[in-house]
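Q: This is the structure I want to talk about, given as structure tokens.
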Amino acid sequence: MKLSELFIKAKIRRFWFSIIMIFAALVNIQSCSVSKTVKNPSYKDLSILKKGTDRAQIIAELGAPVATIKENGATVDVFKFKQGSHTTTKIVKGVGYTVLAIGTLGLSEAIMWPAETTLGAVSNIELKVVYDSSYVIDSVKIYRDDRWIKLSDLKATQQNNKKTKQEAEH
């Protein structure tokens, strides 16, 4: 083999090595916001937190309570959990972040990872559920709700809608 052929083969090897290293770096860099999105906890359906819902349904949806006590003869569960995202939302965001990272050669991660860390952060929710003697919800008290749209806001809106509907019927 000639010396010039060896130089050409060495350049080709360096080129492919560089391509592989760039690809590996992109995969490593782009995984930050994607993995943060995918690892978020699952969405919990809070619409079940209404009077008359069975205790077993509540525990199935929210998980085991952090404490169960007896208060004035009633069973009380205290729940503390992180409200996550729907599975579909996680998939769409993950695919979007991946496409964006590849399209910008990883530069989008400088914006998307901090954005996902703050805006896409999970919300802490703490609440107390009081059950009657047949273990169905009697009342719910919310101690903490870090979501942008809070459970209490939704209940107030629903009550206002019911009042407006009742007034319209009369």
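Q: Under unit Cβ charges (Lys, Arg +1; Asp, Glu -1), what dipole magnitude, rounded to 20 debye, does segment 3-158 have relative to its Cα centre?
A: 480
Q: Another question, then. Would you kindly state how much longer the chain becomes between residue 117 and residue 9 on full extension, computed as 0.36 nm times their sequence separation minus their alpha carbon distance, in nm to one decimal?
A: Separation in residues times 0.36 nm, less the Cα-Cα distance, equals 34.4 nm.
Q: Sticking with this one: For an R0 of 22 angstrom, estimate the FRET efficiency from the Cβ-Cβ distance between residue 133 and residue 80 and round to the nearest 0.05.
A: For residue 133 and residue 80, the calculated efficiency is 0.30.
Q: Ok, one more. Suppose the chain between residue 67 and residue 99 were pulled fully straight at 0.36 nm per residue; how much longer would it get relative to their current alpha carbon spacing?
A: The span from residue 67 to residue 99 would gain 7.2 nm if fully extended.
Q: Considering the dipole of segment 3-158 built from charges on the beta carbon (Lys and Arg +1, Asp and Glu -1) around the Cα centre, which of 23, 131, 41 is farthest to its positive end?
A: Ranked along the dipole, the leading option is 23.
Q: Please compute the length gained on full extension between residue 39 and residue 51, using 0.36 nm multiplied by the number of residues separating them and subtracting their Cα-Cα distance.
A: That pair, residue 39 and residue 51, stretches by 1.1 nm at full extension.
Q: How compact and how long is segment 3-158, expressed as Rg and Dmax of its alpha-carbon atoms in Å?
A: According to the Cα coordinates of segment 3-158, Rg and Dmax are 24.6, 92 Å.
Coordinate-derived values only; no laboratory data. Only a predicted model underlies this, so the values are computations on that prediction, with no experimental measurement involved. Please note: Cβ atoms are built from the backbone with ideal geometry, for glycine as well, and neighbour counts cover all protein chains shown.
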